[in-house]
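Have a look at the structure below, then the notes.
Just so it is clear, none of the values below were taken in a lab; they were calculated from the coordinates. Remember, it's a predicted structure, so these values are computed and weren't measured experimentally. Note that each Cβ is placed from the backbone with ideal geometry, even for glycine, and that neighbours are counted across all protein chains shown.
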Amino acid sequence: MNLLNFPFFAILYIVVTNIKCAEKSAIYSENAIKFEAIFSSALNNGNVVEIENFPEIFRNFSLATDSELKVELETSVLSEEERGRQCLRNVTKCIDEDLTYRSTTDKLFSFMSTSLPPFDLSRAPGVSRSCQKDSQKYVEELKKFKMWALKMYDSTAKIPSGILNGNINQLGDFDMCLAALSEDEKIKGQYCLASLEVSVPQSPYLTGLHKLMQSHYHFKSKLEDPGHRVPRFSSINWALCVPSSCTPQDVEQGLKFATADIVNGSELEIRYEVNPEMCQTAEKTSLPLSTQIALVVFGSIIFFELFATFYDSFANGEKNKWVMCFSLKKNLNSITSYKRSQGDIEAVHGIRMLNAILLIAAHKSMALFFIPYVNRTECVEYLARPFTVIGRAASLYTDPFIMISGLLTSYSLIGKLNKDGKLKIAQEYISRLYRIVPTFAALIAFCTFILPWLNSGPMWNMVVTHHSNICKKYWWRNLLFIHNYFGFKDMCLTHTHHLGIDTQLFFTSPFLVYILWKWPVKGSVTLLSLATISTMGRYYVTYTMKLSNYVHFGTSIQQLFETADYMYILPPHRATVYIMGVFMGYLLRKYKHVTFTKAQLRMGNTIALFSFLLSYLGPSFMGNIDYVYNPTHAALYAAVSPILWVGSFCWVIFTTQLGYKGIIGNFFSMPVWTLWTKVSYTVYLTQFPIFFYNVGITRAPHEFGFFTKMINLQEHAWILALSVALSLTFEMPFQNIRSLLLKRSDTIQKNQEKKIL
């Protein structure tokens with residue numbers, strides 16, 4: 001019997017275990033493991049070991065030359081890191097050849113199946129046959145720690161830490177779930193984001209815990225509430241990775257079965273929803289014809305604009321004015337010019353900029369609540385402070401835009417009445433539509449046919465694809481500017497409701513302006529009466545229907561939608577501030593040479609400042625964490641705050657235009673704000689698609705920090721960049737065409753008048 005003495009064996013072991021090579025076979029790896037095991041036994045039992053116990057490769061070492069022995073030894077032993085690397089190159093082969101891992105994984109699965117059991121649909125009653133079959137195979141393969149089954153298990157949400165801090169929304173691992181594929185490629189991972197609603201228990205202590213989990217009920221929602229525009233704050237979003245053969249109904253049945261042991265015999269009641277839109281697989285689908293057509297249209301327009309830009313840069317002589325309308329070079333020069341138009345009302349630009357920034361902040365704050373936070377309860381406690389009025393008073397920031405629209409329309413129409421004594425109403429309507437429709441239509445087409453194909457994510461279908469599906473049905477309402485009469489739930493691009501309100505009020509403006517110009521006293525009484533009726537209507541509807549224009553603490557999604565549907569998006573309830581704008585346009589034309597004493601200016605400035613602060617900070621107490629809704633508070637806010645807020649800006653506009661600027665007037669009249677005016681329309685259009693894009697691609701809970709989340713420079717840069725791009729490619733070219741058409745119409749009319757004379 002051949003024997004090896006210990007010193008020689010020790011030297012051999014050191015050489016074997018320290019040689020590294022770029023390529024080592026799995027066979028030598030297995031032999032190296034046996035080698036190490038025998039050597040360990042030798043160390044424990046003595047310094048002599050029988051060579052017959054070694055693998056054949058080492059028993060034959062005496063027959064090899066030194067160089068051959070070195071090669072064999074180099075390929076015999078792999079480091080742990082290298083073994084793992086090679087195993088991941090071919091997981092199936094690695095599992096089949098590895099005879100040592102099962103003892104460990106059996107213990108791990110025993111722990112997992114008791115403390116973190118897999119979501120097993122094979123045992124749930126009412127589940128389809130194919131789903132049960134694939135789920136059973138998934139569990140069996142999970143017991144063997146097969147890679148694809150581990151991916152499905154690992155990507156399913158687990159109970160996290162920080163539940164009492166509101167960390168209840170778990171998105172799992174979206175990409176890992178979609179990448180799961182069985183070895184026979186018959187079972188694919190399907191990512192479902194389920195919604196659960198846990199009712200408030202009877203026990204006071206459990207109610208307190210429930211309140212912490214639900215972040216003090218900052219928003220109250222139900223599973224029936226729409227979740228595409230305002231987040232369903234009270235729902236728990238829970239990611240589940242299941243076989244693709246399982247339907248949403250199967251997953252819902254599985255959820256009921258999985259939570260039955262928790263619910264039965266307790267105070268808890270849980271409702272479930274697995275929306276088909278929220279179940280996604282990795283299956284690739286080809287672009288639909290509608291998307292291809294949209295891409296061709298957008299591409300053709302951009303190509304023509306590039307051609308027009310080349311033509312503008314290199315053509316000599318007189319240039320075609322119609323082609324020049326689309327020159328990016330010309331439009332960029334126009335959009336970056338500080339030059340004011342004739343009769344410009346200077347302070348309007350700064351006031352528009354201020355309210356636009358406040359509106360972006362308010363819209364951003366609402367979009368942020370879609371995102372899961374590990375510290376959501378802490379976040380809500382931080383936001384239950386007076387300064388958060390900046391996000392809660394979103395409705396207030398749109399009122400100055402309506403007022404400015406009425407002001408500019410009135411100022412323009414009265415100027416034409418003073419000059420010609422008549423109005424070309426049809427021309428005014430066509431001019432207005434020609435200015436806003438092309439850009440609006442481009443946004444609808446992009447968000448409907450192109451945006452849904454640009455990315456994916458756990459909430460992508462909810463906040464992006466769902467909007468697209470609505471627009472495919474109801475885009476025509478938007479282009480007819482009647483979409484605000486059909487409610488938020490089924491509105492295409494809900495943030496564009498303001499366009500419907502403003503356009504409908506604009507259609508009434510020629511008549512309002514004419515009676516005010518023709519019969520100043522009777523017209524004033526008529527307009528004041530209409531404004532009073534509108535104000536009383538806001539108070540009455542808000543009080544009787546328990547609405548709230550202010551996003552108070554504890555508001556419900558149902559209340560927000562009803563406030564929008566029955567008051568906020570209806571022109572009769574927004575007419576007050578529009579009529580204030582019409583009056584301002586009339587006053588600027590009629591009393592442009594009026595003078596004020598210092599005492600009058602001080603009094604006016606004081607009243608304006610008081611109105612501003614009262615309207616803005618007055619309702620801040622409704623954001624307190626312990627606030628209980630009071631319909632009187634909400635009704636007073638809805639009726640009075642818009643008048644005070646807009647009234648303060650009207651005073652600044654009027655006095656600034658008369659030359660009494662002061663610090664505030666000079667600030668709002670700075671020439672730089674004219675640049676904002678040129679992109680304000682497209683900024684309004686693009687902000688929500690960008691917000692929802694970022695919500696849709698969110699894949700994991702964030703940590704909330706007020707300034708880090710609200711001041712997202714990258715997001716704001718995208719809004720500005722895309723707004724400029726939309727202005728250059730659609731808004732300005734069609735405005736140029738409109739100007740040419742109006743000039744042509746005026747020329748034709750003058751020639752006809754000359755012929756008559």
If the chain between F257 and S337 were fully stretched, how many nm would it gain, using 0.36 nm times the residue separation less the Cα-Cα distance?
22.2 nm
Estimate the FRET efficiency between D98 and K211 by the formula 1/(1 + (r/R0)^6), using the beta-carbon distance for r and 30 Å for R0, to the nearest 0.05.
0.05
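Multiply the residue gap between R744 and E378 by 0.36 nm, knock off their C-alpha separation, and tell me the result in nm, one decimal place.
Between R744 and E378, full extension yields an extra 125.5 nm.
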Would you mind getting me the FRET efficiency between I163 and F610? Use the beta-carbon distance for r and R0 = 35 Å, nearest 0.05.
0.15
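Set the Förster distance to 22 Å, then compute FRET efficiency between D344 and M536 from the Cβ-Cβ distance, nearest 0.05. Present the calculation step by step, with values, prior to reporting the outcome.
Values: r = 36 Å, r/R0 = 1.62.
Once rounded, the FRET efficiency stands at 0.05.
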Checking region 310-390 for GluC sites (Glu not before Pro) in a loop per DSSP with at most 10 other beta-carbon atoms within 10 Å yields E318
Tell me, what HN-Hα J-couplings in whole Hz come from the Karplus equation 6.51 cos²θ - 1.76 cosθ + 1.60 at θ = phi - 60° for each residue of region 655-663, using x for Gly and Pro?
5, 5, 5, 7, x, 8, 7, x, 5
Relative packing of peptides 666-674, 166-174 - highest average C-beta neighbours within 10 Å first
166-174, 666-674
Once phi is turned into ³J(HN,Hα) by the Karplus curve 6.51 cos²θ - 1.76 cosθ + 1.60 with θ = phi - 60°, what whole-Hz value does each residue of region 315-331 show in order, with x for glycine and proline?
6, 10, x, 6, 9, 5, 5, 6, 5, 5, 4, 9, 5, 5, 5, 5, 5
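Please give the contour-minus-distance gain from N316 to S286: 0.36 nm per residue of separation, less the Cα-Cα distance, rounded to one decimal in nm.
Details: separation 30, 0.36 × 30 = 10.80 nm, distance 4.54 nm.
Taking N316 through S286 to full extension adds about 6.3 nm, to one decimal.
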What is the set of long-range amide H partners of H702 at a cut-off below 5 Å, with H atoms built 1.01 Å from backbone N?
Y373, V374
Could you go through region 158-167 in sequence order and give the Karplus-derived ³J(HN,Hα) for each residue, using 6.51 cos²θ - 1.76 cosθ + 1.60 with θ = phi - 60°, rounded to whole Hz, and x for Gly and Pro?
10, 5, x, 7, x, 4, 5, 9, x, 7
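Can you list which of the trypsin sites (Lys or Arg not before Pro) found in region 177-260 are DSSP loop residues with at most 10 other C-beta atoms within 10 Å? All intermediate terms of the calculation are to be shown ahead of the outcome.
On the way: sites: K186, K188, K211, K220, K222, R229, R232, K256; in loops: K186, K222, R229, R232.
Nothing satisfies the criteria.
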According to a simple spin-label model (label point 7 Å from Cα along Cα-to-Cβ), what is the distance in nm between S199 and E185?
4.9
Cleavage-rule hits, chymotrypsin sites (Phe, Trp or Tyr not before Pro), region 276-382, DSSP coil, Cβ neighbours within 10 Å at most 15
Y338
